[in-house]
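As structure tokens, the structure follows; a few thoughts come after it.
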Amino acid sequence: MTTLAAALAASDGRAAGPTADEAGAPAVRVRGVRREFAGRAVLAGIDLDIAPGEFVALLGRSGSGKSTLLRILAGLDPDATGHATVPDRNAVVFQDPRLLPWARVLDNVALGLKGKGARAAAGAALAEVGLGGHERAWPATLSGGEAQRAALARALVRSPGLLLLDEPFGALDALTRIRMHTLLRDLCRRHRPAVLLVTHDVDEAILLADRVLVLTDGRLSLDEPVRLAEARHRSDREFGALRARLLAELGVTDDETDGETGEEMSIETDVGAE
Amino acid sequence: MTTAVFDGQGAGAVLDGSGGPAAPGAQAAPGTQPHRAGKPGRAAPGGGPAGRVEIALADPDRPARRPVPRGLRRLLGPVLLVALWQVGSSAGLIDSSVLAGPWTVLHTGYDLAADGTLHENLLVSLRRVALGLVLGVGAAVVLAVVAGLFRLGEDLVDAPVQILRAVPILGLVPLAILWFGIGEQVKIFLVALGTAFPVYINTFAAIRGVDARFMELARTVRLSRAAVIRRVVLPGALPGFLVGLRFALTVSWLVLVVSEQINASSGIGYLMDQARTFGQTDVIVVGLAVYGLLGLLSDALVRLLERHALAWRRGLEAT
């Protein structure tokens, strides 16, 4: 395949292939995407399809390039090469809420929306994430979880065909994270965007996603559907088996899969609270 | 457990670690109540195992000392200074041709205000500063936005400005007189020039300092270029602009003082220069006081502006 600058804009996307709205066509289509930093290929040819309404989690060790792929799909990395087609309406939630501190919460959610209904729609989105009544608050007065919910509202109010989540709960405490998981699951069920969730939390991936990918050495080394019921429990045998497989793929040893060490601590808390 | 204990007698810190012989000055006082802070703290073994130290905590029954308000305390120095000045003048230690006494100054100030002289000249000075500020700050903001947002703008604007900035503004006075004569224009020009630099430099730096993550966000929500400037760049640069504005106000009074004393037929500086020829130190001090008050007032004005414009920083509701 010839190497071209990633064609990410909506108009280019239509020229390059079928639109996402066509039945059967994937919402996201990635072919041969490469990204090098100082001669090192962080992404060495990625092929990926995401169906409309599908929730895909992308796992990888830190520095594996999973956020790089997300940024390419968000149109934030013009130096990547290859082909990528995304819906013309997409939205990003970053690890930090990234609310403009000088704009009130409602104005942050409505940022970039045009038309008369924009503020009303933003208010409705805020209510949907449980922040009704905070419209006139300054972002600095919100807690970490509230700010991230506002960021989620800002993404949802755009009715995105693709929702890009870049470790959106990574900076939250364990209890807030559980609430955010539930909220995100409900919101995605209602709005049915295609979702790419970048995370390093294996349990989060299994709890939320329809399909889990693992990025290793610049390639998707594992692509596995999550065949679990809607209501997922960490105590399930299937859950544990998938978790063990994913952790092995990520190169984590057995000792750590028992949940005794630092990064898995949050999972222990999750089990207790759910 | 090793803890430093101060015995209050100046014997220094005592290490009480190994349960060794009691250190001098650190009397053992079993069963004593916690001591209030400030009283000599004592090591209290309390009958426990060796190496324990009681921490001196405040006594809840101690009557609370009512502190003198800080503002009042801060007034002490200035009041004392003015009192000394008055005493010196009254006693003839300070000659009135060197410095008029505070009471005389007050009296003169009242007279100048009563016959309208002060009022008239104050308005002239205020007008010069206001016009100069509007022109200087306006030009500076436009230049800073152009240089801050466009690469070409930076190349064209920033380098010349940085070079010109090295020239002391007051060194331009002779040239300015040749250009504008000795009328109002030269004073307004000098104020405008003097205020433009601090505003430009701070605003330019602030625009460049706007968080790149917000620019990235603007791209993901597809803000137009105009909207990026209006919603992200300008509000983000506002704190820096206000810092520049405060500097600019200080500079504006400085430039005004000098230009009014060099050649003027009105204004506070003219009043003071006139007084010099007649040796009226009281009028000069009145002029100085007026300048000082104007400086304070303009600074307070910018602070008020900051409180409202930057309410989001403190997370307060600005309504």
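The values are calculated or read from the model by the stated rules, or taken from the named source; none is laboratory data. Computed from a predicted structure; not experimentally measured. FYI the Cβ positions are ideal-geometry reconstructions off the backbone, even for glycines, and counts take in every protein chain you see.
Just one of (1) surrounded by fewer than 19 Cβ atoms within 10 Å (Cβ to Cβ); (2) more than 14 Å from chain A (Cβ to nearest Cβ) fails for B:Ser298. It is (1).
Taking the condition of a type in the set (A, V, I, L, M, F, W, C) and farther than 14 Å from A:Leu142 by Cβ, does A:Ala110 pass? Spelling it out, A:Ala110 is indeed of a type in the set (A, V, I, L, M, F, W, C) and farther than 14 Å from A:Leu142 by Cβ.
Of the helices (runs of 4 or more DSSP H) that lie entirely inside the range B:78-176, those containing 3 or more residues that are farther than 29 Å from B:Gly269 by Cβ span B:117-149, B:159-165.
Okay, residues lined up against (1) hydroxyl-bearing (Ser, Thr, Tyr); (2) at pLDDT 95 or above; (3) assigned by TED's automatic domain parsing to the domain that holds B:Trp253; (4) under 28 Å from the mean Cα position of the chain (by Cα):
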| position | (1), (2), (3), (4) |
| --- | --- |
| B:Ala140 | no, yes, yes, yes |
| B:Asp155 | no, no, yes, no |
| B:Leu170 | no, no, yes, yes |
| B:Gly183 | no, no, yes, no |
| B:Leu190 | no, no, yes, yes |
| B:Phe204 | no, yes, yes, yes |
| B:Arg219 | no, no, yes, no |
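The requirement of being assigned to a helix (DSSP H, G or I), within 14 Å of chain A (Cβ to nearest Cβ) and over 23 Å from the mean Cα position of the chain (by Cα) is not satisfied by B:Val283.
Close Cβ contacts (under 6 Å, 6 or more residues apart or on different chains) running from residues in the range B:206-218 that are within 10 Å of another protein chain (Cβ to nearest Cβ) to residues that are β-branched (Val, Ile, Thr) comprise B:Phe214/B:Val232; B:Ala218/B:Val228; B:Ala218/B:Val232. Just to be sure before I move on: is B:Gln280 of a type in the set (S, T, N, Q) and either within 15 Å of B:Val124 (Cβ to Cβ) or in contact with a Pro (Cβ under 6 Å, 6 or more places away or on another chain) (or both) in the structure I sent? Considered against the rule, which asks whether it is of a type in the set (S, T, N, Q) and either within 15 Å of B:Val124 (Cβ to Cβ) or in contact with a Pro (Cβ under 6 Å, 6 or more places away or on another chain) (or both), B:Gln280 comes out as no. When B:Ile94 is tested against the conditions (1) farther than 20 Å from B:Tyr291 by Cα; (2) free of Cβ contacts under 8 Å to residues at least 40 places away in the same chain; (3) assigned by TED's automatic domain parsing to the domain that holds B:Gly244; (4) touching a helix residue (DSSP H, G or I) at 6+ places or on another chain (Cβ under 7 Å), the lone failure is (3).
Got a sec? Which of B:Gly194, B:Gly148 is within 26 Å of the chain's Cα centre (by Cα), buried (at least 21 other Cβ atoms within 10 Å of the Cβ) and assigned by TED's automatic domain parsing to the domain that holds B:Gly267?
B:Gly194
In the range A:108-153, the qualifying residues are those that are within 23 Å of B:Arg230 (Cα to Cα), small (Gly, Ala, Ser) and under 22 Å from the mean Cα position of the chain (by Cα), and the one that is surrounded by the fewest Cβ atoms within 10 Å (Cβ to Cβ) is A:Gly112. Just one of the numbered conditions (1) more than 13 Å from every other protein chain (Cβ to nearest Cβ); (2) within 22 Å of A:Ile178 (Cα to Cα); (3) touching a residue at least 60 places away in the same chain (Cβ under 8 Å) is not true of A:Gly132: (3). Checking each residue in the range B:206-263 for being crowded, with 18+ Cβ neighbours inside 10 Å and outside any helix (DSSP H, G or I) picks out B:Val210, B:Val221, B:Leu223.
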